[in-house]
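Colleague: Got a structure for you, questions after.
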Amino acid sequence: MKILLFILFFISLNSSLSGQTNVTLYKGSITYISAQNVYVKFENTEGIHIGDTLFISQNNVLIPVLTVSNLSSVSCVALPIGKYSLSVSTSIFGKKIATKPADETITKESKEAVSVNDQAMKATVQKDINVKPRTDGRLALSSYSNKSNSISDQRYRYNFSLNAEHISNSNFSTETYLSLTHKSNELNQIGKDINKYLKIYSLALKYDLSKTTNISFGRKINMNMANIGAVDGLQFETGNRNFTFGAIAGSRPDYFNYSFNPNLMQFGVFAGHNIQSDNGNMQTSLAIFDQTNKFKTDRRFAYLQHSNSLLKKLDLFCSFEFDFYTLVKMQPTTNFDLTSTYVSLRYKPWKKLSLFASYDARKNIYYYETFKNQIDSIIDRESRQGFRFQLNYHPIKYISWGASAGYRFQKSDPTPSINGNSYLSYNQIPLILTSLTINATLLKSNYVDGMVYGASLSRDIFSGKVYTELEYRLVNYTYKNSHISLRQDIAALSLSWRIAKKLTFSSNFEYTHEPDNDFQRLYISLTQRF
């Protein structure tokens with residue numbers, strides 16, 4: 001009953017409040033990670049600005065992990081924030097404000113914590129399906145080289161994606177995203193263990209039963225329940241202008257190699273309520289899921305999220321996860337446990353200044369059947385909690401300044417983790433038409449204490465077809481347990497060349513000097529869109 005009242009409260013709140021912002025979510029992927037920088041490729045970078053925040057999707061919430069320090073027409077260079085682990089091909093999300101009429105104030109920063117689910121709900125309420133056939137895809141060939149005084153490593157990656165909507169004017173659509181990665185000496189091993197090298201992130205066929213109802217089969221992430229990840233199986237969705245309903249039945253990808261695993265079946269339903277107006281979009285969504293291992297319950301939980309513009313200059317986003325299945329003395333028991341909380345507020349007192357604050361807390365999540373051998377050793381469901389603050393300020397047209405700070409702690413850490421970052425950017429310096437960015441990052445945790453200072457120059461040349469960047473960073477770290485200090489001098493040169501409208505070449509060379517070692521990293525990529 002308490003859960004039902006809680007849900008009804010949020011839906012009523014959703015109906016009564018009005019907002020001011022329309023937010024669009026766009027997706028990219030990490031193409032290269034250097035010692036301090038992360039390089040992210042998008043379809044284009046229109047709407048992205050230096051100082052903007054980029055996100056990963058975690059538990060159906062957009063978590064800020066990167067701050068843009070420079071960008072070209074199709075990619076950007078970003079500085080990590082927080083302590084989240086990132087890898088090449090990790091999906092990265094950005095947000096931008098939809099254009100308003102000319103007589104309205106255009107807000108350049110969007111909400112800091114709009115989730116993937118939230119954005120997808122906006123798309124699902126637009127029920128007028130475009131029945132015209134449309135196909136877009138991408139083939140990318142990449143090479144990664146790492147060399148030092150003692151090691152040499154060469155990796156290759158081949159990415160293929162294809163989305164075809166309403167094939168041959170039919171109701172059928174398909175989506176595909178495949179990635180093959182191997183080292184230079186592993187070519188003859190690929191056929192022996194294909195699941196180790198080939199990852200299928202999406203491979204699904206969808207059929208539109210009507211303008212408001214569709215069914216799909218295959219591997220696909222349902223954006224209304226993105227927190228559960230990919231599903232191998234059947235997905236059904238229907239709705240009207242203000243409500244969306246759906247159901248999923250299938251299996252989870254294997255934990256170790258992401259292959260098909262029919263033992264990990266899962267079943268779930270979701271419902272969403274959405275109101276659109278000239279001022280904005282307000283919505284609430286609820287998903288309930290039962291995940292199993294050999295048809296024995298592994299985890300049973302519900303996910304609730306709400307987003308709304310409370311006041312003209314204040315935005316709210318919140319999400320919660322409730323687990324209601326546990327084992328007591330190895331016997332199944334129904335309980336009610338709030339395992340995840342995320343709340344964020346963005347306040348924009350003036351057009352040139354925006355402030356952001358967030359709180360997140362998450363307990364350890366257990367899959368009772370899959371990892372049941374660990375249950376007896378678990379004494380306490382440790383909770384991880386964190387706070388984050390950020391501001392962006394644009395005093396004049398070409399100058400921007402920003403700063404962020406994070407504080408994270410849990411019982412097992414002897415000391416909390418603290419990180420901070422600040423940057424100052426001057427775009428389009430007169431005469432040389434070059435952008436300059438200087439930045440500093442502070443990191444303090446239970447194992448490391450350090451500072452990173454950096455500066456970069458970047459410029460688009462040849463009418464935006466070629467982007468170049470020159471960067472230098474000084475790293476000073478002290479590892480607390482060993483009292484060992486690390487100093488690194490890092491120089492990097494990047495190039496992005498749009499050879500043709502849909503053909504792009506990019507490269508990055510980075511040289512790192514340490515007192516006892518030198519590192520060289522070279523990334524090369526050729527991408528063809530079609």
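The values are calculated or read from the model by the stated rules, or taken from the named source; none is laboratory data. Worth saying up front: this structure is predicted, and the values here are computed from it rather than measured. Reconstructed Cβ throughout: ideal geometry from the backbone, glycine too, with neighbour counts over all protein chains shown. Just so you know, the surface numbers come from the protein's heavy atoms only, side chains and all, with ligands and any DNA or RNA stripped out. Shrake-Rupley method; radii C 1.70, N 1.55, O 1.52, S 1.80 Å.
Colleague: Could you give the distance between the Cα centres of segment 399-450 and segment 163-191, to the whole Å?
Modeller: Here the two parts' Cα centres lie 38 Å apart.
Colleague: Which cross-chain or sequence-distant (5 or more) residues have an amide H under 5 Å from the amide H of Thr90, H modelled 1.01 Å from N in plane?
Modeller: Ile30
Colleague: Also, quick follow-up: Using heavy-atom solvent-accessible surface (probe 1.4 Å) with all chains present, what is the largest-first order of Tyr342, Tyr426?
Modeller: Greatest to least solvent exposure: Tyr426, Tyr342.
Colleague: Can you give me the relative contact order of segment 157-222 as a percent, contacts being Cα pairs under 8 Å and 6 or more apart?
Modeller: 28 percent
Colleague: For the charge dipole of segment 387-530, defined by +1 on Lys and Arg C-beta atoms and -1 on Asp and Glu C-beta atoms about the Cα centroid, which residue among Ala492, Gly402, Ser456 has the Cα displaced farthest towards the positive pole?
Modeller: Of the listed residues, the answer is Gly402.
Colleague: Filter the chymotrypsin sites (Phe, Trp or Tyr not before Pro) in segment 225-301 down to the DSSP loop ones having no more than 10 other Cβ atoms within 10 Å, then list what survives.
Modeller: Phe256, Phe295
Colleague: Which entries in Lys220/Lys348; Lys41/Lys411; Lys192/Lys465; Lys41/Lys196 show an alpha-carbon gap greater than 31 Å?
Modeller: Lys220/Lys348; Lys41/Lys411; Lys192/Lys465
Colleague: Cα gyration tensor of segment 191-341, axes a ≥ b ≥ c as square roots of the eigenvalues: rounded (a/c below 1.5), prolate (a/b > b/c) or oblate?
Modeller: Oblate, because a/c is 1.5 or more while a/b does not exceed b/c.
Colleague: Further, regarding this structure: Relative contact order, percent, of segment 152-270 when contacts are C-alpha pairs under 8 Å separated by at least 6 residues?
Modeller: 16 percent
Colleague: Working out 0.36 nm times the residue gap between Lys296 and Thr415, then minus their Cα-Cα distance, what length gain in nm do you get to one decimal?
Modeller: 38.9 nm
Colleague: First measure r as the distance between the Cβ atoms of Leu493 and Phe324, then evaluate 1/(1 + (r/R0)^6) with R0 = 60 Å and state the FRET efficiency to the nearest 0.05.
Modeller: Calculated transfer efficiency: 0.65.
Colleague: Could you go through segment 512-527 in sequence order and give the Karplus-derived ³J(HN,Hα) for each residue, using 6.51 cos²θ - 1.76 cosθ + 1.60 with θ = phi - 60°, rounded to whole Hz, and x for Gly and Pro?
Modeller: Values, residue by residue: 10, 10, 10, x, 10, 7, 10, 10, 10, 10, 10, 10, 9, 9, 10, 10 Hz.
Colleague: Residues of segment 143-167 with amide nitrogen under 20 Å from the 7 Å Cα-to-Cβ point of Lys192?
Modeller: 154-156
Colleague: Moving on to the next point. How high is the FRET efficiency from Ser463 to Val269, r the C-beta distance, R0 60 Å, rounded to 0.05?
Modeller: Computed FRET efficiency for Ser463 and Val269 comes out at 0.70.
Colleague: Also, I was wondering about something else. Along segment 399-406, what does the Karplus equation 6.51 cos²θ - 1.76 cosθ + 1.60 (θ = phi - 60°) give for ³J(HN,Hα), rounded to whole Hz, x for Gly and Pro?
Modeller: Whole-Hz 3J(HN,Hα) from phi for segment 399-406: 10, 9, 9, x, 8, 9, 8, x.
Colleague: Pulled fully out, how much extra length does the chain show between Ser507 and Asn364, if you take 0.36 nm times their separation in residues and subtract their Cα-Cα distance?
Modeller: Result for the pair: 47.5 nm of gain on full extension.
Colleague: Note the full-extension length gain between Lys352 and Tyr207 as 0.36 nm times their separation in residues minus their Cα-Cα distance, in nm to one decimal.
Modeller: 47.6 nm
Colleague: Rounded to the nearest 20 debye, what is the charge dipole size of segment 218-370 about its Cα centre when +1 sits on each Lys and Arg Cβ and -1 on each Asp and Glu Cβ?
Modeller: 520 debye
Colleague: Could I ask something else about it? Taking the Cα centre of segment 430-530 as origin, work out the dipole magnitude from +1 charges on Lys and Arg Cβ and -1 charges on Asp and Glu Cβ, in debye rounded to 20.
Modeller: Once rounded to the nearest 20, the dipole reads 600 debye.
Colleague: Amide H of Ile429 versus every other amide H placed in the peptide plane: which residues, excluding those fewer than 5 positions away on the same chain, fall under 5 Å?
Modeller: So Ile429 has HN proximity to Thr434, Ser435, Leu436.
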